[in-house]
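Novice: Encoded as structure tokens, here's the structure I'll be asking about.
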Amino acid sequence: MITHHLRVHPSADGLPREQQLAWRIAEVAADPVAVEPAVEEMVVNRLIDNMAVATAALTRAPVAAARDQALAHPSAPGATVVGLEGVRRVSPEWAAWANGTAVRELDFHDTFLAADYSHPGDTIAPVLAVAQHLLGRPLPGGRRVGGTELVRAVATGYEVQVDLVRAISLHRHKIDHVAHLGPAVAAALGTLLDLDPVTTFHAVGQALHTTTATRQSRKGEISTWKAYAPAFAAKVAIEAVDRAMRGQTSPTPIYEGEDGVLAWLLDGPGSRYEVPLPAPGEPKRAILDTYTKEHSAEYQSQALIDLARRLHREHPEVADPERVEQIVIRTSHHTHHVIGSGANDPQKYDPHASRETLDHSIPYIVAVALQDGAWHHVDSYAPERASRPDTVALWQKVTTTEDPAWTRRYHATDPAEKAFGGRVEVTFTDGRRLVEEIAVADAHPLGARPFAREQYLGKFRTLAAGVLEEAEAERFLEVAQRLPGLGPEELGALTVTAPPDLLAAVAPTRGIF
């Protein structure tokens with residue numbers, strides 16, 4: 001890896017574009033390095049993972065609204081919309097909008113946590129949409145986009161987003177993490193379309209400029225916008241690439257300028273960041289450092305759900321609010337302040353809070369997992385579940401506190417030391433104490449039951465049950481597992497079609513389009 005030293009430069013410096021971070025990202029996108037087998041396999045896994053969670057969300061309101069908006073923008077060739085027949089095509093940026101919202105709605109796909117946090121799987125929907133839209137149309141060099149090219153592009157998208165997340169904290173300045181996603185999607189499309197660095201450079205700059213937004217979307221009473229935010233960033237990035245390909249330029253230098261992102265949105269004129277990026281010819285491996293979710297909830301709750309399930313089995317008395325005095329979770333700064341009581345959001349203790357709020361409330365999540373010994377993407381968030389009196393009583397007794405040791409492990413660079421869990425301390429009304437801890441989720445690569453292809457297939461089949469016909473589910477899995485060898489005309493099969501009556505039961509939405 002090469003470390004890019006990032007800081008603010010006054011306009012008088014005339015910083016050459018070759019020394020700008022957006023240019024370095026463009027160079028990474030243009031590097032024709034081969035994809036390693038392990039990376040290729042993981043790209044397939046994450047494609048399956050994305051389609052699993054999108055399928056489970058097809059009838060949810062944000063997904064239905066995004067789908068209806070996309071259908072108002074038909075296009076030929078166009079791209080597919082998850083849930084609809086493959087012949088129904090829409091403009092690729094609108095397909096990315098609809099499909100990205102479906103992937104994100106249940107908070108159930110992959111994650112990477114470092115200086116910032118992210119869902120790098122959000123890069124897949126826009127890249128696939130553009131690839132489908134090309135429908136084998138030759139690129140300037142005569143190459144046609146098929147499965148191999150799609151895999152290469154996804155590897156780039158993961159690499160850029162993960163490397164930005166390793167180095168630059170957006171959340172510390174209350175900027176939403178999708179500001180790293182926009183440049184990552186632009187870079188991925190640069191790889192997919194074989195663009196020269198100049199074009200990708202301007203696309204990255206435009207994508208970053210238009211995707212910086214505050215974190216209020218993840219604060220207090222969390223709204224349905226949480227599902228749309230990454231889809232919006234992906235849609236905007238596609239449009240940025242389109243403009244750049246037409247010769248349009250971007251604000252420069254977008255990161256380093258004295259009125260740029262570093263100077264006014266991040267650490268100010270004294271900003272200093274060290275951004276690791278692959279050297280020329282170095283394989284893009286970042287996807288291997290990411291991890292998916294076994295449970296539909298914010299990633300920092302994954303390990304604690306697994307610990308709560310174990311305590312439910314081994315110490316069932318922890319589920320009884322009449323026997324529990326208090327439950328304190330000692331955890332990282334991130335967990336305490338984002339999904340814990342350190343956020344100071346009373347909504348995290350509100351039985352009438354939105355699903356989006358509850359999946360960012362570790363007190364709620366732990367209380368339910370302790371009582372149920374399980375976690376379900378629908379049942380665990382049902383209003384009647386959240387308002388159950390014994391659950392509310394237990395929930396109010398759960399608090400979090402920051403523990404420096406867990407904060408240090410959260411930010412560790414050694415994979416064996418890095419951890420996203422915590423220590424649960426239960427004090428019972430009779431004075432007895434129970435203390436247990438967990439470092440990583442069971443599904444984590446270093447966890448008790450690491451996810452591999454078998455688990456991704458199982459997750460898809462579980463979430464598709466009752467939504468897709470079994471034959472359709474198996475058809476998709478067969479095609480998806482052949483991704484690297486797919487021809488251009490087969491990319492349109494990388495979607496799923498739900499039974500017509502399933503989507504017909506969802507009330508249509510009305511807007512401007």
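What follows draws every value from the coordinates through simple rules; no lab data is involved. Remember, it's a predicted structure, so these values are computed and weren't measured experimentally. As a convention, Cβ positions derive from the backbone with ideal geometry for all residues, glycine included, and neighbour counts pool all protein chains shown.
Novice: For the range 2-286, take N as its residue count and report Rg(C-alpha) divided by 2.2 N^0.38 Å.
Specialist: Compactness ratio reported: 0.94.
Novice: Which of the peptides 178-190, 144-156 is most tightly packed, and how do the rest follow, judged by the mean count of other Cβ atoms within 10 Å per residue?
Specialist: Top to bottom by mean Cβ count within 10 Å: 178-190, 144-156.
Novice: Hey, what's the Cα Rg ratio for the chain versus the globular rule of thumb, 2.2 N^0.38 Å?
Specialist: 0.96
Novice: Using a/c under 1.5 as the rounded threshold, could you call the range 286-328 rounded, prolate or oblate? The axes a ≥ b ≥ c are square roots of the C-alpha gyration tensor eigenvalues, and prolate needs a/b larger than b/c, oblate otherwise.
Specialist: Prolate shape, in that a/c is at least 1.5 and a/b is the bigger ratio.
Novice: Same structure again: Per DSSP H run of n ≥ 4, the term is -39500 (n - 2.57); total these for the chain, divide by its residue number, and report the mean residue ellipticity at 222 nm rounded to 500 deg cm²/dmol. Present the calculation step by step, with values, prior to reporting the outcome.
Specialist: On the way: 20 runs with 220 residues, N = 513.
For the chain, the value works out to -13000 deg cm²/dmol.
Novice: For His173 and Arg246, compute 0.36 nm times the residue count separating them, minus their Cα-Cα distance, and round to one decimal in nm.
Specialist: 22.9 nm
Novice: Along the Cα-to-C-beta direction of Glu417, a point sits 7 Å from the Cα; which residues of the range 262-305 have their amide N less than 20 Å from that point?
Specialist: It comes to 274-276, 289-290, nothing else.
Novice: Here's another thing I want to ask about it. Cut-off 19 Å, label point 7 angstrom out along Cα-to-Cβ of Leu71: give me the residues of the range 101-132 whose amide nitrogen falls inside.
Specialist: The answer is 101-103.
Novice: Of Lys226/Lys459; Lys348/Lys397; Lys235/Lys293, which sit over 18 Å apart, Cα to Cα?
Specialist: Violating the 18 Å Cα-Cα cut-off are Lys226/Lys459; Lys235/Lys293.
Novice: Of the peptides 95-104, 264-273, 341-350, 168-177, how do they stack up when ordered by the mean number of other Cβ atoms within 10 Å, highest first? Kindly include the intermediate steps, with their values, before the conclusion.
Specialist: Details: 95-104: 30.4, 264-273: 14.9, 341-350: 17.2, 168-177: 18.9.
Averaged packing, sorted descending, gives the order 95-104, 168-177, 341-350, 264-273.
Novice: Cα gyration tensor of the range 193-249, axes a ≥ b ≥ c as square roots of the eigenvalues: rounded (a/c below 1.5), prolate (a/b > b/c) or oblate?
Specialist: Working: a/c = 3.92, a/b = 2.83, b/c = 1.38.
It is prolate, given that a/c is not under 1.5 and a/b is the larger ratio.
Novice: Roughly what % of Cα-Cα distances in the range 299-438 sit above 20 Å, to the whole percent?
Specialist: Above the 20 Å cut-off, the range 299-438 has 41 percent of its Cα pairs.
Novice: Now for a separate question. Dividing the alpha-carbon radius of gyration of the range 447-513 by 2.2 N^0.38 Å (N being the number of residues), what value is obtained? Write down the numbers at each step before the final one.
Specialist: Numbers: Rg = 15.7 Å, N = 67, 2.2 N^0.38 = 10.9 Å.
Working it through for the range 447-513, the quotient is 1.44.
Novice: How would you order 323-330, 430-437 from highest to lowest mean count of nearby Cβ atoms within 10 Å?
Specialist: Ranking, from highest mean packing down: 323-330, 430-437.
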